[in-house]
Amino acid sequence: MIRMDGLGRSVACAALLAGLWGAPAALALTGGAGPQEMAADAPWSGVLSLDSGGRLYSGVLIGPEHVLTAVHAVNIAEPGRMSFRSALGGGFVATGTEVHVNPAYTGTTTGNAPGDPSVHADLAIVRLSRPAPKALQVPRIFTGALLGRVITLVSHGGSTTLVTTGENRVDAVFADVTGRPATYLFDFDGPTLESNRIGPPVPANGTLGARREATLVNGDSGSAAFVQVDGQWWLAGLNSFEINFAAGPRARGAHGTGAGGIVLSEHLGWMREVLAAPPKPAAASGAKAAR
C-alpha cells in the first residue's frame, strides 16, 4: 500500500477525466488496441456509453437496472437526460431515473490529487429506466490486492457504439485515512524506460508493449478497469482521473503521464445497499442526486 506521500512531490496535479486538464484532447484511451466494436461474448459487455448533458463518458452495469459511473460525469445532467447505450442486446438504450452519490463524496475540483478523500469516493450509481438485456454481462467485483496487477481498461470515450481497450500495470495504491485501499495509479510507459515515472527504471516497470499499454484521457470518466484471475474476469476499479507528473505543462496522454481511479472493493457495502433499495416514487426520482 502506498500513501499519497509515498510518491513525494513527483505528482504535480491530477485532473478529472471530464476534461479539466488543459486543452481538449482525443476522447478515448490513448494507446492500447484502438476503437473496435464490442464482441457479444466480451467479458466487459456490461460497459455502456453514457451521454450526460451532451458529453460522452462510460458506465458499467453492476446490476440489471443499475450503472456505476463517476459522480463528475453525471452531476451536470438530470437523470432523465442521461442516456445509456450499448450496440449489443439488440441495441440497448435506457435513460436514468435516479442517481445515488457515494456518501463519502465531497466534490472534486481541478488539481485534486489521488490522495484527496473526495477523489476516493467519486462514484455514483444510476438506476436505469428499464433492465438491461442478459446479453450485457454484469461483472463480479474484485476484492483482492491490485498493486502490481495488469488491468484492462475499457472505455466508450466519445462513442456510443465503439469501445477502446488497453492495458496498464497498477504502480501505486493510495490508502484512505483508515488505511484501506482507495485509489490506484499507473504511468504511461513508452518504448524505453525514460518515460517510467513510478518505481525504479527496470524492465518490470516498463511498457507492456505496442497496442497493449494505454492510458486515460478526456472523456474516459466512468470507464472500467478489469483484472483476470485464473481465466475469470473481475471488475476492479472505475477510472476517474489523469496525472501530470511533471512540474511544467505536458500534453495529456503523452508518455510519462499517468492516470488512475477508484478501488471498488471498499465500496461493496454501499453498492449492495443501493441495489437492494426499492425505486423511489416518481416525484422524488426527479431529484438530481441522492446521497
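The values are calculated or read from the model by the stated rules, or taken from the named source; none is laboratory data. No experiment lies behind these values; they were computed from the predicted model shown. Cβ atoms come from the backbone with ideal geometry, glycine included; neighbour counts cover every protein chain shown. SASA here: full protein model, heavy atoms, side chains in, ligands and nucleic acids out. Shrake-Rupley method; radii C 1.70, N 1.55, O 1.52, S 1.80 Å.
Okay, here's what the table says:
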{"quantity": "Nitroxide proxy distance, nm - points 7 Å out along Cα→Cβ at residue 180 and residue 212", "calculated": "3.3 nm"}
{"quantity": "Alpha-carbon centroids, the range 234-283 and the range 70-103: separation in whole Å", "calculated": "15 Å"}
{"quantity": "Where labels lie 7 Å past Cα in the beta-carbon direction, separation of residue 95 and residue 251 in nm", "calculated": "4.1 nm"}
{"quantity": "Contour minus Cα-Cα distance for residue 205 and residue 277 (0.36 nm per residue)", "calculated": "21.6 nm"}
{"quantity": "With 5 Å bins from 0: P(r) over the range 138-213, alpha-carbon pairs, percent", "calculated": "3, 14, 20, 21, 18, 15, 8, 2, 0"}
{"quantity": "Rounded accessible area per residue of the range 53-144, 1.4 Å, Å²", "calculated": "37 Å²"}
{"quantity": "Dipole of the range 87-235 [Lys/Arg +1, Asp/Glu -1 at C-beta], most positive-end residue of 99, 125, 136", "calculated": "136"}
{"quantity": "Inter-probe distance in nm under a simple model that places probes 7 Å from Cα toward Cβ, at residue 36 and residue 161", "calculated": "1.8 nm"}
